[in-house]
Amino acid sequence: VQLVESGGGLVQPGGSLRLSCVASGFTFSRYAMSWYRQAPGKERELVATMPSTGGSTNYADSVKGRFTISRDNTKKTVYLQMNSLKPEDAAVYYCKADFLTPDGASLVHYWGQGTQVTVSS
């Protein structure tokens, strides 16, 4: 099983980045996909999540209206489009795959290794 993130880097405030996470080794279309981030000295936090069906999405309040999560099941890839980036968005961004029960409990989950996003002028 692998989740491989890419697309991080250095961007100026107000800029954009698109992160990608390519999955292998499991049935991607059956897993909910999420993006998390962790800044130095802070806990890892949920940024955005999308169910296996690609239906309704959820976002942290801090990124609503600026970030968009999407997925392409044919490419086994989840994306995070990040616009209007702020210095406080700087963190290591991780993707996570969850196999959920009908009531939403995570039976199995996998993490990627993370990609660094730096927002600075």
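Just read off the accessible area of Val92 with the full protein assembly in place, 1.4 Å probe, to the nearest 10 Å².
Only protein atoms counted, so the area is about 40 Å².
How charged is the neighbourhood of Ala60? Take every other residue with its Cβ under 15 Å from the Cβ of Ala60, and add Lys/Arg as +1 and Asp/Glu as -1.
So the surrounding residues net to +2.
Where in segment 90-121 is the amide nitrogen less than 18 Å from a point lying 7 Å along the Cα-to-Cβ axis of Thr27?
Once the point is set 7 Å along Cα→Cβ of Thr27, 97-110 turn out to lie under 18 Å by backbone N, inside segment 90-121.
When the chain is modelled as a GNM with alpha-carbon springs shorter than 10 Å, which of Gly41, Gly54, Gly104 fluctuates the most?
Taking springs between Cα atoms under 10 Å, the residue moving most is Gly41.
Per residue, how many Å² of accessible area does the chain show with a 1.4 Å probe?
53 Å²
Can you give me the solvent accessible area of Glu45 with a 1.4 Å probe, rounded to the nearest 10 Å²?
For Glu45, solvent-accessible area is about 80 Å².
With charges set only on the Cβ (+1 for Lys and Arg, -1 for Asp and Glu), what does the dipole of segment 68-121 come to about its Cα centre, in debye to the nearest 20?
Here segment 68-121 has a charge dipole of around 200 debye.
Stretched out fully, how many nm does the piece from Ala60 to Leu46 gain, at 0.36 nm a residue minus the Cα gap?
Using 0.36 nm per residue and subtracting the Cα-Cα distance, I get 4.4 nm.
As a test of reading the structure, rank Ser20, Ser6, Ser121 by solvent-accessible area (1.4 Å probe, protein chains only), most first.
Most to least solvent-accessible, the answer reads Ser121, Ser6, Ser20.
Keeping every protein chain in place, order Leu100, Leu3 by accessible area at 1.4 Å, biggest value first, i.e. largest first.
So, going from the largest accessible area down, we get Leu100, Leu3.
How charged is the neighbourhood of Ala39? Take every other residue with its Cβ under 11 Å from the Cβ of Ala39, and add Lys/Arg as +1 and Asp/Glu as -1.
On the way: positive: Arg37, Lys42, Arg44; negative: Glu43, Glu45, Glu88, Asp89.
Net of charged neighbours comes to -1.
So for Lys75, Lys86, what's the accessible-area order with a 1.4 Å probe, most first? Intermediate values should be presented prior to the final figure.
Numbers: Lys75 125, Lys86 80 Å².
Largest to smallest exposure gives the sequence Lys75, Lys86.
Please report, as a whole percent, how much of the solvent-accessible surface of segment 8-121 comes from carbon and sulfur atoms (probe radius 1.4 Å).
Its accessible area is 49 percent carbon and sulfur atoms.
Which whole-angstrom value gives the distance between the alpha carbon centres of segment 84-120 and segment 1-70?
Segment 84-120 and segment 1-70 have Cα centres spaced 5 Å from each other.
Please work out how much length the chain gains when fully extended from Val1 to Ser120, using 0.36 nm per residue of separation minus the C-alpha to C-alpha distance, in nm with one decimal.
My answer for the length gained is 39.5 nm.
Connecting C-alpha atoms closer than 10 Å in a GNM of the chain, tell me which of Thr68, Thr101, Thr77 has the biggest fluctuation.
Looking only at Thr68, Thr101, Thr77, the largest GNM fluctuation is found for Thr101.
Rounded, prolate or oblate: which fits the chain, taking a ≥ b ≥ c as square roots of the Cα gyration tensor eigenvalues, rounded meaning a/c under 1.5, else prolate when a/b beats b/c?
Cα axes put the chain in the prolate bin.
The values are calculated or read from the model by the stated rules, or taken from the named source; none is laboratory data. Quantities reported herein were computed from a predicted structural model and do not represent experimental measurements. As a convention, Cβ positions derive from the backbone with ideal geometry for all residues, glycine included, and neighbour counts pool all protein chains shown. What goes into the accessible areas is simple: the full protein's heavy atoms, side chains included, and nothing from ligands, DNA or RNA. Shrake-Rupley method; radii C 1.70, N 1.55, O 1.52, S 1.80 Å.
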